[in-house]
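Undergrad: Quick one: the structure is below, questions incoming.
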Amino acid sequence: MSDLKSKRWIIAKGFMFLGIAAAAAALVLAESPSARTAALLALLVWAACRFYYFMFYVLERYVDPSLRYAGIVALLRAMLARK
């Protein structure tokens, strides 16, 4: 599979991910409608976004500029190969 290069499709893909996340959050809240569930979902989203930022920006910029990878699986492979 080749890399996605169309700006229009990259943006569409981002909005599709947003739609999936919103639908999943709505379904979880529909299953258990409480302020506690909403707060835990908000914390989950925030922490996941910060972890993603850490993995794909902080590690490359501040830890090791040679760390360039396409995703989590590629990162794990690179880390295992270094050992």
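Coordinate-derived values only; no laboratory data. As the structure is a computational prediction, the values presented were derived from the model and not from experiment. Cβ atoms come from the backbone with ideal geometry, glycine included; neighbour counts cover every protein chain shown.
Undergrad: Run the simple label-point estimate for residue 43 and residue 82 please: 7 Å along Cα→C-beta, distance reported in nm.
TA: Computed distance between label sites residue 43 and residue 82 equals 3.1 nm.
Undergrad: Report, in debye and to the nearest 20, how large the dipole of the stretch 3-75 comes out about its Cα centre when Lys and Arg carry +1 and Asp and Glu carry -1 on their Cβ.
TA: Here the stretch 3-75 has a charge dipole of around 260 debye.
Undergrad: What distance in nm separates the two pseudo spin-label positions at residue 3 and residue 50, each 7 Å out from Cα along the beta-carbon direction?
TA: About 3.0 nm separates the two model spin labels.
Undergrad: If you don't mind, another one. Quick check: residue separation of residue 73 and residue 21 times 0.36 nm, minus the Cα distance between them. What number comes out in nm?
TA: 16.6 nm
Undergrad: Give a residue-ordered list of calculated ³J(HN,Hα) values for the stretch 48-58 (Karplus: 6.51 cos²θ - 1.76 cosθ + 1.60, θ = phi - 60°; whole Hz; x for Gly, Pro).
TA: Whole-Hz 3J(HN,Hα) from phi for the stretch 48-58: 5, 5, 5, 5, 4, 4, 4, 5, 9, 10, 4.
Undergrad: If the viscosity is 1.306 mPa s and the temperature 10 °C, what Stokes-Einstein diffusion coefficient in µm²/s follows for the chain when Rh is the Kirkwood radius over Cα pairs?
TA: In µm²/s, the coefficient is 102.
Undergrad: Residues with amide H under 5 Å of residue 67's amide H, sequence separation 5 or more or different chain, H placed in the peptide plane at 1.01 Å from N; which?
TA: Residues meeting the criterion, in which the H sits 1.01 Å from N, do not exist here.
Undergrad: Picking from 57, 15, 33, whose Cα lies most toward the positive end of the charge dipole for the chain (charges on Cβ: Lys, Arg +1; Asp, Glu -1)?
TA: The residue sitting farthest along the positive end of the dipole is 57.
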